[in-house]
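Peer 1: Here you go, one structure.
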Amino acid sequence: MLSGDHMRPPAVEEARAIKYPEVRDLPPEEIGRLARSIAPRLMPKPGVDYKLYLGSRPELREGERLLSYTLSVCPQCYSLLVAVIFERDGKVYERKVCPEHGEFEELYFGDYATYERFRKWQRDGKGVWTPNVKLEALCPYNCGLCPRHKSHTALLNLVATNRCSLRCWYCFFYAAKAGYVYEPSLNHIRFMLREARRMLPYPAVAVQITGGEPLMRDDIVDIVRIAKEEGYKHVQVNTEGIRLAFDPELAVKLREAGTNVIYMSFDGVTPFTNPKNHWEVPYTLENLRRARLGVVLVPTVIRGYNLHEVGAIIRFGVKHADIVRGVNMQPVSIVGRVPRKEREKMRVTIPDVLLEIEKQTDGQIRREDWYPVPSVVPVSRFIEAITGRPQFELTTHFACGAATYIFWDDDGELIPITRFVDVEGLMQLLEREAEEIRKGKSKYMAMLSVLLKLSRYVDVSKAPKKFKSKRKFLKYIYKILVRHDYSSLGEFHYQSLFLGMMHFQDPYNYDVSRVQRCEIHYVMPDGRIVPFCTFNVFPELYRDRAQRAFSYTIEEWEQLTGKKLSEEVYVRNIKKLIRGEPYRRAYEGIADVLSIPYEEHVKASKRFGIPVAE
Amino acid sequence: MRIKAFSFEAKASEPRPIDVKVETRVYEARRGRAVRLSCAERPFSLDDALDFDLEFSDTLQLTYADVIHGSFSCRVLDCEAGGDTIIKVLDAQLSGRRVRLFIVLTVEEGDVRRVYADRITGLGEWRERATKISRLASLPPSELEAL
Ligand code: SF4
Ligand code: SF4
């Protein structure tokens with residue numbers, strides 16, 4: 001997420017709702033009661049935070065073909081507007097007109113053919129049967145989750161702190177800049193985690209501990225442990241990885257406490273494309289390797305900045321596939337006031353990145369190898385038909401994300417799963433069988449039928465050599481699809497690399513129909529659960545307002561901890577880092593980083609905002 | 001007490017196909033009988049959008065943000081109720097599939113509370129639902145079936 005100038009001061013300057021030091025040690029239930037009593041005061045206020053301008057639909061122009069109308073927002077005043085989604089010259093755009101701030105047109109999806117292919121896979125969820133708020137305002141100003149929301153939480157985000165030891169130039173979020181410290185106590189965290197666990201029809205089972213930089217907290221291991229105690233099967237920690245580069249013990253402790261995977265920012269393979277953690281990543285990977293803790297690399301992709309490295313990033317992932325579980329790319333989301341020309345220079349959408357990956361992998365990973373997130377819903381529906389219980393479903397909007405799995409042979413050839421598995425046919429089979437069960441077919445007959453037909457959808461002759469045993473591979477697939485076996489899924493992940501993509505929204509391309517289907521949620525300190533794309537797109541109305549209400553002043557926090565916020569600044573020792581053997585090994589064969597002059601390294605780091613020990 | 005209801009048709013193709021037709025009838029329970037209320041009809045206006053969401057976000061998993069994608073024609077029914085238990089019957093056609101859903105409201109000191117709503121994504125067996133609705137609506141199941 002890239003923020004331009006913040007567009008305006010917070011519409012409502014909320015005083016802190018409470019003196020946090022006085023309530024932080026209350027038991028979870030009491031903090032919960034207090035939090036819920038404060039939540040209604042923090043809701044976005046119509047007429048103050050936003051207006052409604054829904055009276056007219058934007059016109060289409062010559063050469064434009066209507067695809068749909070939708071609700072969107074004005075990027076300047078957040079007013080709710082009607083937007084038109086249309087096709088022009090093979091691309092999909094969104095246009096809207098704010099009576100106060102004029103017209104906004106933005107690229108929505110860079111390739112119409114992919115848009116159509118993805119759209120076919122849209123499936124909706126069952127909604128949220130236990131909303132956290134009453135329905136009192138139009139979407140997206142009623143989060144949440146409100147009774148309209150269509151998808152359960154697939155990944156819950158919990159902000160453990162807004163402290164960070166980096167000072168990235170584009171960030172407005174970290175404590176020193178925000179002017180307060182947001183750091184919920186362990187009891188408070190327990191309350192927040194419980195809020196998402198009581199969701200029906202499907203409670204949250206995966207949580208990401210995030211920040212700021214969550215590893216700044218000395219009790220991060222306790223937070224992971226609490227998440228496990230509260231029933232989260234999957235716990236991931238979102239970090240820039242720097243502390244893990246220097247603290248091998250921490251990686252071990254995190255794994256032992258139950259962390260399933262580290263989610264680590266990784267924007268490129270050179271210091272110029274990844275000045276955030278280029279020098280530390282090799283050491284972080286070494287320590288994670290020793291701790292046997294997997295990592296997902298998370299590049300934010302920006303045109304004119306690192307789009308030319310998406311292929312190299314994937315190859316870097318494959319090179320370290322013993323420890324890298326996936327690469328999850330995020331086309332840039334432009335939050336803040338950024339002029340159209342500037343936006344066009346940076347803007348990439350999912351199909352644009354897919355095309356670049358195809359080019360940069362010499363056609364080994366093609367656009368057609370990717371499927372939108374909801375394409376796996378038939379698996380959940382089949383299991384639901386068999387078990388009779390609601391299942392975890394990935395029912396985001398088709399334009400939100402895409403994924404595939406790749407394998408590789410010893411000669412380095414990349415083989416996407418779609419080369420030897422007919423994904424489309426397989427999903428149709430599961431959908432048909434689920435329908436048959438609903439109509440009365442015996443569950444056992446349906447399972448048998450899937451087992452017998454499975455081989456029709458797998459061509460092992462095209463599979464990587466390690467899968468030349470057809471039986472073994474079919475067994476995997478059967479266990480994952482039919483038995484929903486978590487350990488088989490884990491084993492599958494060890495043999496492959498997950499490639500994912502999620503295009504978080506911004507106010508320019510905002511589409512309410514996407515956010516209503518969102519499955520990546522934040523739990524806020526007041527107990528509300530808010531989709532990622534309202535939490536971060538309208539920070540003044542959700543994230544900042546709620547966190548400020550439950551924050552410490554900097555003085556309070558320093559008094560409580562005996563630390564000094566201004567001293568928590570990371571100073572990079574580039575000389576030492578580039579001399580180490582792990583550095584050379586990590587990038588070898590991917591990028592020639594050793595030929596880069598030392599001064600260029602230093603410049604790249606400083607330009608980004610991270611000081612260097614000379 | 002004025003009770004609002006909606007009858008509408010909506011068709012859209014994105015992001016997923018929608019083809020819905022809903023006719024709503026509104027009743028109140030009077031001494032174990034359901035009496036149909038007479039309702040004035042008027043066109044839908046933006047001020048009704050929130051009430052539309054209240055009515056259909058759980059029952060049909062449909063909101064104003066969904067119907068705006070394509071064609072939408074809607075009649076708003078303003079019904080005058082005197083009793084304290086209201087039953088709404090939603091006769092819906094979802095891509096040709098017919099389904100009947102119930103909503104039960106109670107009125108207490110001028111406050112309308114929605115005490116029950118069928119949910120299309122978790123619709124249980126009719127017998128179970130009928131028992132619950134009939135208890136909340138103070139109507140015998142046979143009366144419900146005749147609505
Ligand atoms: S995004 Fe979801 S929770 Fe938020 S207002 Fe819209 S439907 Fe409700
Ligand atoms: S986080 Fe944003 S992009 Fe991702 S599923 Fe939610 S709405 Fe879509």
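Peer 1: Counting residues that are farther than 21 Å from A:G589 by Cα, which helices (runs of 4 or more DSSP H) fully inside region A:301-376 reach at least 1?
Peer 2: Per the criteria, A:340-346, A:350-360.
Peer 1: Let me ask something else. Does A:P147 count as within 14 Å of another protein chain (Cβ to nearest Cβ), within 16 Å of ligand 1 (Cβ to nearest atom) and free of Cβ contacts under 8 Å to residues at least 40 places away in the same chain?
Peer 2: So A:P147 fits the description; yes.
Peer 1: When only residues in region A:568-614 that are among the acidic types (D, E) and under 14 Å from A:H278 (Cβ atoms) count, which is surrounded by the fewest Cβ atoms within 10 Å (Cβ to Cβ)?
Peer 2: If we take residues in region A:568-614 being among the acidic types (D, E) and under 14 Å from A:H278 (Cβ atoms), then A:D592 is surrounded by the fewest Cβ atoms within 10 Å (Cβ to Cβ).
Peer 1: Given the options A:S72, A:S56, name the one that is within 14 Å of chain B (Cβ to nearest Cβ) and loosely packed, with under 14 Cβ neighbours inside 10 Å.
Peer 2: One residue alone meets the criteria, A:S56.
Peer 1: Taking region B:115-144 as the region of interest, how many residues are free of Cβ contacts under 8 Å to residues at least 12 places away in the same chain and farther than 20 Å from B:R31 by Cα?
Peer 2: Residues flagged as free of Cβ contacts under 8 Å to residues at least 12 places away in the same chain and farther than 20 Å from B:R31 by Cα within region B:115-144 amount to 6.
Peer 1: Just checking, does region A:542-563 include any residue being within 16 Å of ligand 1 (Cβ to nearest atom), among the aliphatic types (A, V, I, L, M) and either within 30 Å of A:I38 (Cβ to Cβ) or away from chain B (no Cβ under 14 Å) (or both)?
Peer 2: yes
Peer 1: Looking at region A:158-168, is at least one residue away from chain B (no Cβ under 14 Å) and more than 30 Å from A:Y552 (Cβ to Cβ)?
Peer 2: no
Peer 1: Further question on the same structure: Suppose the filter is closer than 19 Å to A:F316 by Cβ and among the hydrophobic types (A, V, I, L, M, F, W, C); does A:A385 pass it?
Peer 2: no
Peer 1: If you don't mind, there's one more thing I want to ask. A:E100: more than 12 Å from chain B (Cβ to nearest Cβ) and either more than 16 Å from ligand 1 (Cβ to nearest atom) or touching a residue at least 12 places away in the same chain (Cβ under 8 Å) (or both), yes or no?
Peer 2: Taking the combined requirement at face value, the residue satisfies it.
Peer 1: Still on this structure, please answer the following. Suppose the filter is small (G, A, S), touching a residue at least 40 places away in the same chain (Cβ under 8 Å) and more than 16 Å from ligand 2 (Cβ to nearest atom); does A:A176 pass it?
Peer 2: yes
Peer 1: Within region A:476-530, work out how many residues are within 16 Å of ligand 1 (Cβ to nearest atom), out of contact with any strand residue (DSSP E or B) (no Cβ under 9 Å at 6 or more places or on another chain) and assigned to a helix (DSSP H, G or I).
Peer 2: Here the count works out to 0.
Peer 1: While we're looking at this one, here's another question. So is B:L77 farther than 25 Å from A:L66 by Cβ, facing another protein chain (nearest Cβ under 9 Å) and not in a loop (DSSP other than H, G, I, E, B) or not?
Peer 2: No: the conditions fail for B:L77.
Peer 1: Spot the failing condition for A:S566; the list is (1) among the hydroxyl-bearing types (S, T, Y); (2) more than 28 Å from A:R41 (Cα to Cα); (3) modelled with pLDDT of 95 or more, and only one is missed.
Peer 2: Among (1) among the hydroxyl-bearing types (S, T, Y); (2) more than 28 Å from A:R41 (Cα to Cα); (3) modelled with pLDDT of 95 or more, the lone unmet condition for A:S566 is (3).
Peer 1: Consider A:V92 carefully, then state whether it is in contact (Cβ under 8 Å) with a residue 12 or more places away in the chain, farther than 25 Å from A:E540 by Cα and either surrounded by 23 or more Cβ atoms within 10 Å (Cβ to Cβ) or under 22 Å from the mean Cα position of the chain (by Cα) (or both).
Peer 2: For A:V92, the condition - in contact (Cβ under 8 Å) with a residue 12 or more places away in the chain, farther than 25 Å from A:E540 by Cα and either surrounded by 23 or more Cβ atoms within 10 Å (Cβ to Cβ) or under 22 Å from the mean Cα position of the chain (by Cα) (or both) - is met.
Peer 1: Name the single residue that is farthest from A:Y174 (Cα to Cα) among those in region A:124-140 being within 15 Å of ligand 2 (Cβ to nearest atom) and crowded, with 23+ Cβ neighbours inside 10 Å.
Peer 2: Top of the filtered list is A:G125.
Peer 1: Scan region A:238-260 residue by residue and report those that are within 27 Å of A:H308 (Cα to Cα) and not in a helix (DSSP H, G or I).
Peer 2: Within region A:238-260, A:N238, A:T239, A:E240, A:G241 qualify.
Peer 1: Using beta carbons and a limit of 9 Å, which pairs, at least six apart or on different chains, have the first residue in region A:128-142 and more than 8 Å from every other protein chain (Cβ to nearest Cβ) and the second one basic (K, R) and within 8 Å of ligand 1 (Cβ to nearest atom)?
Peer 2: Within 9 Å, the pairs are A:V128/A:R148; A:V128/A:K150; A:P131/A:R148; A:N142/A:R148.
Peer 1: Within the set of pairs 6+ apart or on separate chains, which have a first residue in region A:510-529 that is under 15 Å from A:L541 (Cα atoms), a second that is charged (D, E, K, R) and within 9 Å of ligand 1 (Cβ to nearest atom), and C-beta atoms under 9 Å apart?
Peer 2: A:Y522/A:R528
Peer 1: If only one of A:V353, A:V377 is within 14 Å of chain B (Cβ to nearest Cβ) and away from ligand 1 (no atom under 16 Å from the Cβ), which one is it?
Peer 2: Sole residue among the options that is within 14 Å of chain B (Cβ to nearest Cβ) and away from ligand 1 (no atom under 16 Å from the Cβ): A:V377.
Peer 1: Given the conditions (1) exposed (fewer than 14 other Cβ atoms within 10 Å of the Cβ); (2) under 30 Å from A:Q330 (Cα atoms); (3) at pLDDT 95 or above, and given that A:P9 satisfies all but one, which numbered condition is not satisfied?
Peer 2: It fails just one condition, (3).
Peer 1: Being away from chain A (no Cβ under 14 Å) and closer than 23 Å to A:G125 by Cα is true for just one of B:D58, B:D66, B:D51, B:D91. Which residue is that?
Peer 2: B:D91
Peer 1: Any residue at all in region A:394-415 that is within 14 Å of chain B (Cβ to nearest Cβ), aliphatic (A, V, I, L, M), buried (at least 17 other Cβ atoms within 10 Å of the Cβ) and assigned to a helix (DSSP H, G or I)?
Peer 2: Checked against the condition, which is being within 14 Å of chain B (Cβ to nearest Cβ), aliphatic (A, V, I, L, M), buried (at least 17 other Cβ atoms within 10 Å of the Cβ) and assigned to a helix (DSSP H, G or I), region A:394-415 yields no hits at all.
Peer 1: I'd like the full set of residues that are within 22 Å of A:P131 (Cβ to Cβ) and either part of a loop (DSSP other than H, G, I, E, B) or touching a Pro at 6+ places or on another chain (Cβ under 6 Å) (or both), limited to region A:181-207.
Peer 2: Hits for region A:181-207 are A:R190, A:F191, A:R197, A:R198, A:M199, A:L200, A:P201, A:Y202, A:P203, A:A204, A:V205.
Peer 1: Take the residues in region B:80-96 that are part of a loop (DSSP other than H, G, I, E, B) and surrounded by 15 or more Cβ atoms within 10 Å (Cβ to Cβ), then tell me which one is nearest to the chain's Cα centre (by Cα).
Peer 2: Here the answer is B:A81.
The values are calculated or read from the model by the stated rules, or taken from the named source; none is laboratory data. Everything numeric in this text was worked out from a predicted model, so none of it was measured. Backbone-built Cβ (ideal geometry, glycine too); neighbour counts: all protein chains shown.
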